[in-house]
Amino acid sequence: MTKIAILASHNGSGFSALYEAALKKEIAIEIVLVISNNSNAVVLQNAANYGIDTFAINSKTDENPDEKIEELLHKYGCKYIFLSGYMKKVGDNITKNFKVINSHPALLPNYGGAGMYGRHVHEAVIHNCEKKSGVTIHEVNTEYDDGKIILQKELKLDIDESVDSLESKIKKLEQSTIIEAFKKYLK
């Protein structure tokens, strides 16, 4: 069984998708650790409710948060990390020593990079009158949204698409895309 850690800053909807897929035996993973930089993150409570160990790690809790995260990843035997809306840049040492996978709410390389996350991405897509958007699951390296693409899924925008409606569609598409990408990646 492949041991995975989840890093998330808020709700961690990707965590929920992976957890449910693992329960249904759709993918052979075990989520053994959930870490957030936000001590009030919903994902921490959800993971704790499932009996998964959780940690809030940030510059207030640790002098070197990346070092503490790496220590826990080794302790729990994690080879893979999934970033589920993690709003901090992952340290170089982590990207060099672990397989770090991210879900991005756009078709990279478009709408990627520093500051391009969540609602900001959808606002830019709508503002630029794009005809399509989507989800990209990719490896994480030392640059924002620059790692090797594992899987992309796209959707067409409606003529009257709003930021809210696009965000909702992308979140729904993201759930299945994450599972499909992990099946592909872990083969």
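Bear in mind that the values in this text are calculations on the coordinates, not laboratory data. Note that this is a predicted model, so its numbers are computed, not measured. Glycine also receives a Cβ, built like all others from the backbone with ideal geometry; neighbour counts cover every protein chain displayed.
Here are the numbers for this structure:
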{"quantity": "Test: residue in the range 155-176 that is closer than 19 Å to F82 by Cα and among the acidic types (D, E)", "calculated": "yes"}
{"quantity": "Residue in the range 13-22 that is of a type in the set (D, E, K, R) and under 20 Å from K171 (Cα atoms) present", "calculated": "yes"}
{"quantity": "Tabulated pairs, the range 68-81, first β-branched (V, I, T), second assigned to a helix (DSSP H, G or I), C-beta under 8 angstrom, 6+ apart or interchain", "calculated": "I69/I94; I81/L73; I81/I94"}
{"quantity": "Looking only at the range 161-187, and only at residues there that are within 17 Å of Y111 (Cβ to Cβ) and within 13 Å of the chain's Cα centre (by Cα), the one that is surrounded by the fewest Cβ atoms within 10 Å (Cβ to Cβ)", "calculated": "K171"}
{"quantity": "Residue list for the range 79-98, filter: within 15 Å of N141 (Cβ to Cβ) and aliphatic (A, V, I, L, M)", "calculated": "I81, L83, V90, I94"}
{"quantity": "Neighbours by Cβ (under 6 Å, 6+ apart or cross-chain): first from the range 106-129, within 17 Å of S13 (Cβ to Cβ); second among the β-branched types (V, I, T)", "calculated": "A106/V121; H122/V163"}
{"quantity": "Of all residues making up the range 144-177, the number that are touching a residue at least 24 places away in the same chain (Cβ under 8 Å), farther than 29 Å from A22 by Cα and either acidic (D, E) or in contact with a Phe, Trp or Tyr (Cβ under 9 Å, 6 or more places away or on another chain) (or both)", "calculated": "1"}
{"quantity": "Residue tally, condition of a type in the set (A, V, I, L, M) and either in a loop (DSSP other than H, G, I, E, B) or surrounded by fewer than 16 Cβ atoms within 10 Å (Cβ to Cβ) (or both), over the range 43-53", "calculated": "2"}
